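The values are calculated or read from the model by the stated rules, or taken from the named source; none is laboratory data. Fair warning: this is a prediction, and the values are worked out from it, not measured in the lab. Using ideal geometry, Cβ is built from the backbone for each residue, glycine included, and neighbour counts are taken over all protein chains shown. Keep in mind that these areas ignore ligands, DNA and RNA; they rest on the heavy atoms of the full protein, side chains included. Shrake-Rupley method; radii C 1.70, N 1.55, O 1.52, S 1.80 Å.
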Amino acid sequence: MPTRVPLSLVRSSVMGGLPRRVAIPDARRAAVAAIFRERDEGAELLFIERAAHPDDPWSGQVGFPGGHEEPEDPDLAGTAVRETREELGLHLDGEQVHALGALDEIQARSSVRISALVIHPFAFALHGDAPTPAVPNSEVAAAFWVPLHALLDPDRRVWFDAHRAAAGFTFPAVDLGDGRTLWGLTHRMVFELAHRLALIDDLEALTQPRPRA
């Protein structure tokens, strides 16, 4: 396990890579922002804890800021920028932020269903003196940073029980501490990025859910 992942590795890999596309006719589109910064422990990722809401299929989960594409968005990267501004008060189109590029697209799966929704992740890097978000809106319970190397720590790997329709599934997850667990879509995005960075070998073994016993 790496003890430090430099932001330069993330930057060069994302900017030099070709993201995987998901082809689903007439799929709805959404975008999220994977936001990095450099600290003593290396690259850190910004996560949000979604506020609890009965109509939100991802209620209370840990994820990236983002949301559905709107007609006024210039493109999907613009969707990620707008949603991050609305949810966190963080402006990703400012001079202190570097847009790194697109990550692999992923088909949405909530705890209850697989849907015709494609999530488009986009990576951004904050400069060292860039302001950090401190004004979450009503959709966000908290925002916090986690070192990338900590997300890959085998000692933090756990399994998370969730239900989809009538079947029970156990999902690979990461224990973030403070009662927070990273699993599902965002977990997949993080580990697909780690695979691109050559920080893990067997992607499927670390990301595939298994039926509950």
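Numbers below:
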{"item": "Kirkwood estimate for the chain, i.e. one over the average of 1/r between Cα atoms, Å", "result": "17.5"}
{"item": "Net charge contributed by nearby residues that have their C-beta within less than 15 Å of Asp202 (K/R +1, D/E -1)", "result": "+1"}
{"item": "Solvent exposure, largest accessible area first (probe 1.4 Å, DNA, RNA and ligands not counted), of Arg212, Arg180", "result": "Arg212, Arg180"}
{"item": "Helical mean residue ellipticity (222 nm; -39500 (n - 2.57) per DSSP H run of 4+; nearest 500) of the chain", "result": "-6000 deg cm²/dmol"}
{"item": "Computed E for Glu41/Gln96 - FRET, C-beta separation, R0 25 angstrom, nearest 0.05", "result": "0.75"}
{"item": "The chain: relative contact order in percent, alpha carbon pairs under 8 Å with at least 6 residues between", "result": "24"}
{"item": "In sequence order, calculated HN-Hα J values of the stretch 43-53 (Karplus, 6.51, -1.76, 1.60; Hz; x Gly/Pro)", "result": "5, 10, 10, 8, 10, 10, 9, 5, 5, 5, 8"}
